[in-house]
Each structure stands twice: as C-alpha cells, then as structure tokens.
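Peer 1: Before I ask anything, let me first share the structure, which is written out below as structure tokens.
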Amino acid sequence: MYYKKITICLYLLYVGVTCYAQPEAHKRTYAQDTALVNSLIKESKGYFTDSPALAISLSNKAQVLATSIEYSEGKAYALKNIAITYYYQGKYLEALDYYTQSLNIFKEIEDNVGMANIYSNIGVIYYDQGDDAKALENYLSALKYSELSGDSLRTLTTLNNIGGVYSQKSATQDKALEYYLKALPISEQLGRSNELGAIAVNIGSIYIQKNDYKGAKIYFDKALRAYGDAEGSLNAYNAIGDLYLKEGKYELALENNRKAFELAKKLNVKISKVQSLRGLGNVFSKQGAYEKAIDYYKQAETFALEIHANNELKDLYEQMAITYQKFGDYKNAFAYQAKFTSIKDTLYNIETDKKLGGLQFDFDMQKKQGEINLLTKDIALNELLLNRQKLAKNAFATGLLLVFLIALLIFRNYRVKVKTNKKLDQQKAQIESLLLNILPAEVAKELRVKGEATPRHYESVPVMFTDFKSFTVHADKISPQELVAELNACFIAFDTIIEKYNLEKIKTIGDSYMCAGGLPSPDDNSVHKIVKASLEIQQYIIGNNQRRLQAGREAWDLRIGVHVGPVVAGVVGKRKYAYDIWGSTVNIASRMESNGEPGYVNISSSTYEIVKNEFECIHRGKIYAKNVGDIDMYFVKQEYASNESIPASTSQEDSLNKAVAN
C-alpha cells in the first residue's frame, strides 16, 4: 500500500513586535531583522530536495539571526526547516535532533500550532522506521494541539497520518478509512491540492486491498487532478501502478511505475524510489521475468537500507523470497525469507517495547551520523578479520562439504515451512468460510475483531416466511430419508434464489423457511427483491410439483407471506452462533404466510404500498390474522413490464380470482 504521509511546512508571516521602552529607530531595526529571518526561512523551502546544502545554509543563517534578536518563533521554524531537509535526505537521526530542538522552543512559547506541526513530522519519521506505536503517539499529540489551536490545516494533516498507521493492518483498515474520510472534506474546503491528492491516494490504496478496483480508480483519478504536475503525483502513479498490476494490466502498471520513478529521481525522494522500483519488480515477477524483477528489487533494497525504511524492506523481502523461489534459486529464497521474518519480528518487537515503556530507535537519537558510520566501519573491519581467520583454519574440501550440507538443510527447512504455512492458510480459509456460512459477512467480521456483535435496530425490513401445506400428512406417507431429501432439495433451491437477490437467510424451522432483506447492510431496493424472489420460489415449486405428479407422487403446496416493518437484528448464543431478528414485523410476516393460499405470494398492505407500482397485485380485502387483527392483504400476480416478469397462466389467474372471491 502506498500510504502518502503529509509533512506540513509552515512559514511565518511578517511579525512586528512593539517594544515600548526602545527608541523608534531600534523598533524599526528589530522589525527588519524579523522580516529577514522570515524571508530566509521561506527561501530555504525551495531548496529542500534540489539543493539540501543551500537549504540548510539559509536556515542556519535564519537561526543565528533569530537567536541574536531573541526571536524564539523564528528560531523554532528555522530549526524545523533544517530537520525537513535532513528528512528528505533520509538522515532520520539528524532530522529528529532538530525537530526536538524546535519542539522544545514551541513548548516554551506555548505555540500550539508549532507543537502540532512538529509532533506530526516526528510521527512521520517513526512511521518510516516501522515504529507504528511511536508514530501514533506523536500523531495523537499533534491532533490534540491542532484542535486546541483551531487550526484546520494541522487537523487535516494529523487525521491523514493517523489513518496511515491504521492502514498497515487489514483488521484496522476500516478505522483508517474513517480518518481519511474525515480529512478529505477539510482538504477540499481549504483548497489544499497536495493534501487532497495524498488523502485520495491513501483511500484508493485501501480500496485496492478490499478488491474494489473501480472505487480505487475513482480516488486515484481525483488525486492526479489535485496534484497536477506537483511532486506528490509520483505517489499517485505508484498506487495506480499497483492497481493495474492487480487487474493484470501489466503494460499500464509498468508505465505508471516508471513515471513515478523518473519523478522520484528528479526530486531525489528516496522513499518513493524504493516504492517505484519495488512496483516495477512486482510487475516483472508477475510476467515471469524473474531476473529482471530481482534486479529492480535489489536496486530498491539499496535505497531502503540507506534510509532504514523498515516497512518498505518488509514488503520488499517478502516479494524477493517469493520471486527467488519461483526462479528456482532456493538458497536466495530462503535467505530473503529469513530477512523477511527477522524484520517482521523487529517491527513486532517495537510495538511490544512500546507497551512495556521501552522504545527502540530513541537510544541513538542524539548521536551524529558520522559516529554511526564510524561504528559501522569498525564492525565491518572486525567481521572481515574474523572471516579471514576462519578461512585460514578450514581446508577447502571441508568447507565445500559444509556448504553443501548447510544448503541441503536450508532447502529442506524452507520446504517444510512453505508446506506448513500453506496448510495453515488453508485451515484459516476453511474456518472463515464456515463462519460466513453461519453469519452475514459484516457480522462475522465484527465478531472476529471485537469478540461480540452489537444488536442493531432497522426501521424498514422486508421479512418472508414459507410453509408447506399439510406437511405432517406428507411426512406420514413417505420414509424419513425421502422426506429429508425432498425438503433439502427445496431449501437448497430457496437458498440459491435468495442469494441471487442478496437477501439474508435467517433460519429454517421444520418445513418453514425464513429470510429478510436489507440486512445487515440497508438496501433501498430490498422489498422489490424479496417479492421477486418469492415469485421465483413459487415458480420453482410449480415446476417441482409437475415433476412429482409425473412420477406418481403427491404435490407439495407452498404458502408464502411477506411483511415490511421495523426489526431488531443480532447474534444470539454462546457456543453455536445464530443470527436472528425480532419484533412484531416477524409475527405479522408469519401471519401473512398462514393466511395465504398455496401457490401464491400473500403480502401485507405496508408491503403493497411500496411495490404497487412495480407488481400487479389483487386486493383480498381485510382478513383476520391471529393475535394481530384485521389486515388488508394482497396476492402478487406478476411484475409490471419487465423482461424478468413471471406471468401467471390462465389457470393461475382463475385461481387467484377464486381465492380473492372466497
């Protein structure tokens, strides 16, 4: 997923400070100096990526001048610009150092806007490092101060970045979407095209994960329109490349990833270089060009290691292990699988350390990059010396034998792990399939995530009951095996029909079948669908009875009743879950069935008022229903002017008229 972070760079307005104890000339000098500080800060912005050294030089001049005139706000923003320059270079330790200095000044002067800005930018660094817990902690602090300040731009930035953290796990993607959709209208109101583009890319990427490619394309197009020719468009191109890859449109995927890479090279944005190269590698791997894919992966790995982009490395190592395995290079496949497992465990441990109060990555925050490079060189020299000593002690033949044995063991272990993971995936899929066979998908997901499903009230739900007339008589005349087989065949046919119309099967009780529409997700067209499904069920029963009569067996006559009204829906039970609905609507729907006639669909007046313009119905008058009273009832004859209408035969029309007359 190409989550696009937003790092906001605020620039000061020209500020005049009144100093009553100073002469007028001195006041003019101070105002001119603050204006110069602000001008230097603003100018440095244009060199963040094109000329980092110049950006830092201009910011340092602003810092020195702001310090000399005790202009704290200007000094804080100058330090912040230095941090942003280091961030674009992938030097996260230096960036954190300067962000922290800037944050401390904003705290001293109680500048809520400044604190919100810096907390958000620090969160971006921790996010890139894979420390989601620390990133979220800083983002939430940013949201707190942006709301205190009433700054809509800062709120927009933070909502997007919080969404980015939640988007990393499939279980919290709906939470991410919630934050993105809060941020989107704010960016439109403020006319912030870059932020609008970033959020649209993020929303589109979640839709890809949900396999809603049409929805993803809508938001990616929105992002490109917002960005125009701005640098942020490279993120949109990368995300569109991912979309086309999912759709199997490989040439279009390559075209967009290449656009993103060329723009990333021009702007020297290393994190985007990693994403573009990985996207190119993914396309070639899908096409079976494994050597070319591996070449792009290795280029991406170089940049990712340089900027310590652990989240990107995790996805990259996983793809490299898969590609090497397809290529038949099992040694490298195992090596990168091990790297993937290691970095995934590292990211997990970071979250665990957060809970225990000990955080990774902070331990070296005050060190300079030069000290780290020196330490790395010392370690490398020590490793080289040890390797030479080992080579001197081991004979060539012994070493060759050991390498062969190790490779054999690695390959064997790798195959065992692959088989084990495959079995686990199959078992997980089977469990999820069984759960979805019992509960609606939305309710099953809520149970997995929360451990419980919240009961919901629905204002208007169509409920259908079916029941076989004289079922007890039929049951006494045939064997239990034949009875169950016939009932099962009918219910399977009913299941197929209601699935066709996206209705929800509630339960069966003996020979009675119950379903409802607009659950658990409301559907404005559910009443039309349930009436149409009822007509199709009666058509199935008519055809089935013809076959039974030809075989010398008795026909099974079916009554169907439909009523629309409010219900409460939820999950009951502890060991064996059951999704059920309650309310007077259910009782009235049952009475519609029991007061109906075999071969027809009997509906209540509330149902009739909704479908009367779509279906031809015959009024039966007011009919007494047990425990309910007199209710206007209607037989549904057929659908008006539709290619899928179910016209009644002449004999059916006569029977309908007769049933009404009775």
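Peer 1: Would you check which residues across the stretch 498-532 are aromatic (Phe, Trp, Tyr) and either over 27 Å from the mean Cα position of the chain (by Cα) or part of a helix (DSSP H, G or I) (or both) and list them?
Peer 2: TYR513
Peer 1: Under the condition of being in a helix (DSSP H, G or I), of a type outside the set (D, E, K, R) and touching a residue at least 24 places away in the same chain (Cβ under 8 Å), which residue from the stretch 447-488 is surrounded by the fewest Cβ atoms within 10 Å (Cβ to Cβ)?
Peer 2: Narrowing the stretch 447-488 to residues in a helix (DSSP H, G or I): 447-450, 471-477, 480-488.
Next, only the ones that are of a type outside the set (D, E, K, R) stay: 447, 449, 471-475, 480-481, 483-485, 487-488.
Those still in the list that are touching a residue at least 24 places away in the same chain (Cβ under 8 Å) too: 447, 449, 471, 474, 487.
Details: LEU447: 14, VAL449: 12, PHE471: 17, HIS474: 20, LEU487: 19.
Per the stated criteria, the residue is VAL449.
Peer 1: Within the stretch 249-281, which residues are in contact (Cβ under 8 Å) with a residue 24 or more places away in the chain and outside any helix (DSSP H, G or I)?
Peer 2: Once the filter is applied, which keeps residues that are in contact (Cβ under 8 Å) with a residue 24 or more places away in the chain and outside any helix (DSSP H, G or I), the stretch 249-281 yields ASN268, VAL269.
Rundown of residues vs (1) of a type in the set (Lys, Arg); (2) in contact with a Ser or Thr (Cβ under 6 Å, 6 or more places away or on another chain); (3) buried (at least 20 other Cβ atoms within 10 Å of the Cβ); (4) within 16 Å of LYS637 (Cβ to Cβ), yes/no style:
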position	(1), (2), (3), (4)
HIS563	no, yes, yes, no
GLY570	no, no, no, no
ASN587	no, no, no, no
SER590	no, no, yes, no
GLY596	no, no, yes, yes
GLY599	no, no, yes, yes
SER605	no, no, no, no
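Peer 1: Counting only residues that are among the small types (Gly, Ala, Ser) and in contact with a strand residue (DSSP E or B) (Cβ under 7 Å, 6 or more places away or on another chain), which one in the stretch 572-583 is surrounded by the most Cβ atoms within 10 Å (Cβ to Cβ)?
Peer 2: GLY583
Peer 1: Of these, ASN627, ASN657, ASN662, ASN643, which one is out of contact with any Gly (no Cβ under 8 Å at 6 or more places or on another chain), of a type in the set (S, T, N, Q) and at pLDDT 50 or above?
Peer 2: From the options ASN627, ASN657, ASN662, ASN643, the qualifying one is ASN627.
Peer 1: When the residues of the stretch 226-245 are narrowed to those that are surrounded by fewer than 16 Cβ atoms within 10 Å (Cβ to Cβ) and touching a residue at least 12 places away in the same chain (Cβ under 8 Å), which ends up farthest from SER276 (Cα to Cα)? It would help to see each step written out before you state the result.
Peer 2: Kept after step one, since they are surrounded by fewer than 16 Cβ atoms within 10 Å (Cβ to Cβ), are these residues of the stretch 226-245: 228-231.
Narrowing further to those that are touching a residue at least 12 places away in the same chain (Cβ under 8 Å): 228, 230-231.
Values: GLY228: 19, ALA230: 17, GLU231: 14 Å.
Here the answer is GLY228.
Peer 1: A further question follows. Can you name every residue in the stretch 497-528 that is farther than 14 Å from VAL586 by Cβ and out of contact with any helix residue (DSSP H, G or I) (no Cβ under 9 Å at 6 or more places or on another chain)?
Peer 2: The answer is GLU499, PRO522, ASP524, ASN525, SER526.
Peer 1: Which residues, counting only those in the stretch 49-103, are in contact with a helix residue (DSSP H, G or I) (Cβ under 7 Å, 6 or more places away or on another chain), among the charged types (D, E, K, R) and either open to solvent by 40 Å² or more (accessible area, probe 1.4 Å) or in a loop (DSSP other than H, G, I, E, B) (or both)?
Peer 2: Passing the criteria: LYS61, LYS75, LYS91.
Peer 1: Is one or more of the residues making up the stretch 507-516 at negative phi and without any contact (Cβ under 8 Å) to a residue 12 or more places away in the chain?
Peer 2: yes
Peer 1: Do you know which residues across the stretch 104-131 are touching a residue at least 12 places away in the same chain (Cβ under 8 Å), open to solvent by 10 Å² or more (accessible area, probe 1.4 Å) and not in a helix (DSSP H, G or I)?
Peer 2: Once the filter is applied, which keeps residues that are touching a residue at least 12 places away in the same chain (Cβ under 8 Å), open to solvent by 10 Å² or more (accessible area, probe 1.4 Å) and not in a helix (DSSP H, G or I), the stretch 104-131 yields ILE109, ASP111, GLN129.
Peer 1: Quick check: anything in the stretch 434-446 closer than 19 Å to ALA171 by Cβ, open to solvent by 100 Å² or more (accessible area, probe 1.4 Å), modelled with pLDDT under 95 and touching a strand residue (DSSP E or B) at 6+ places or on another chain (Cβ under 9 Å)?
Peer 2: No: zero hits.
Peer 1: Let me ask something else. How many residues are in contact with a helix residue (DSSP H, G or I) (Cβ under 6 Å, 6 or more places away or on another chain) and assigned to a helix (DSSP H, G or I) if we restrict to the stretch 573-610?
Peer 2: Count: 1.
The values are calculated or read from the model by the stated rules, or taken from the named source; none is laboratory data. These figures come from a predicted structure and were not determined experimentally. When we count neighbours, we look across all protein chains shown, and the Cβ atoms used for this are built from the backbone with ideal geometry, even at glycine. To get the accessible areas, we keep the full protein, side chains included, count just its heavy atoms, and leave off ligands, DNA and RNA. Shrake-Rupley method; radii C 1.70, N 1.55, O 1.52, S 1.80 Å.
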